[in-house]
Amino acid sequence: MTCEKLKFGITFVMLSVFLAAGGHAQQTLRTPKATARPAAKAAAPAFMPGLEPRAIDILKAASARLAAAKTMTFTAVVSYESPSRLGPPLVYSTKSEVTLQRPDKLRVITLGDGPPSEFYYDGKTMTAFAPLENLIAIADAPPTIDAALEAAYNQGAIYYPFTDVIVADPYKDIADGLKVAFYIGQSNVVGDTTTDMVAYVTGDVFVQIWIGAQDKLPRRIYAVYLNDPARLRHVLVLSDWQLDPAVPADAFAPASAAGAARIAFARPDASDAPGMKPPPKTRHTGTQ
């Protein structure tokens, strides 16, 4: 949202007229008629990054709507770019069905592309289940969703791009590193509804978000890491929102993992973790 500075130049023309009188050549300079000069237009003000109140109000309203829900379900489709051997990035996508109950229950069922995975948190333990390989990892967990998400990342490298949507105070997570926020306008395309578009920079991430103008629910989030030289794009599409639905009590434990082989809840790069065993080799269709 930068403005071009307009350059104006005014050209002065000197008119020289040579008059000859009799046999004598005389050189006379005529003064040109006064002409009105076009008034110079004032240059548009340069864009000054900051925190635009309208943008902040929209972000706060969406955060408050999410934080007020005791239970929620939604679908998250994540598309992210990854460098290819040819240069231009490839795009990969995953789809997750999310169910949560505040303050201490969460279920994330992730489908293709790639092998499916399931994550459960019941306030006491967190469970990662790989149904295709029939492997399960269970670990003790802290007493809140926010803390469990952090523990899942630190211990098992489990991360969800929609984390900012399900934490207890979404705006606090944004505001902690908020540097720039401005209002873009409205869209009638995203999410089959009218959305307000806001752009902001928090930490080292540039984000554009589409938020329902009426229901204040996020529909699309576009993110680029500013410290990424390739400027790879990450797009999160959120749909099928249900706030405060009834959630079955048994929703936060795997239903079909009774015969699964137990492995350690550890990061994939920790190959020497106690109890870690390599999963059986499987073939997945797909090309890169």
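Values quoted throughout were computed directly from the atomic coordinates according to the rules given, and no laboratory measurement underlies them. Just so we're clear, the structure is a prediction, and the values are computed from it rather than from any experiment. Backbone-built Cβ (ideal geometry, glycine too); neighbour counts: all protein chains shown.
A few comments on the model shown:
- Backbone N under 13 Å from the R231 label point (7 Å along Cα→Cβ), restricted to segment 190-206: 206
- Hydrodynamic radius of segment 71-136 per Kirkwood, over alpha carbon pairs, in Å: 13.5
- Taking label positions 7 Å along the Cα-Cβ direction at both D204 and L243, the computed distance is 3.4 nm, reported to one decimal.
- Residue order, fewest to most beta carbons within 10 Å, for K95, K172: K172, K95
- Residues whose placed amide H lies under 5 Å from that of G203, excluding near-sequence neighbours: G177, L178, K179
- Projecting the alpha carbon convex hull of segment 53-246 along each direction and taking the average yields 11.9 nm².
- Linear extension gain, R102 paired with S82, 0.36 nm per residue minus alpha-carbon span: 3.8 nm
- The count of lysine pairs in segment 53-246 with alpha-carbon distances below 19 Å, taking only pairs 8 or more places apart or on different chains, stands at 10.
- Cut-off under 5 Å, modelled amide H: who pairs with Q101 long-range: L106
- Taking 0.36 nm per residue of separation and subtracting the Cα-Cα distance, full extension of the segment from A213 to V91 would add 41.0 nm.
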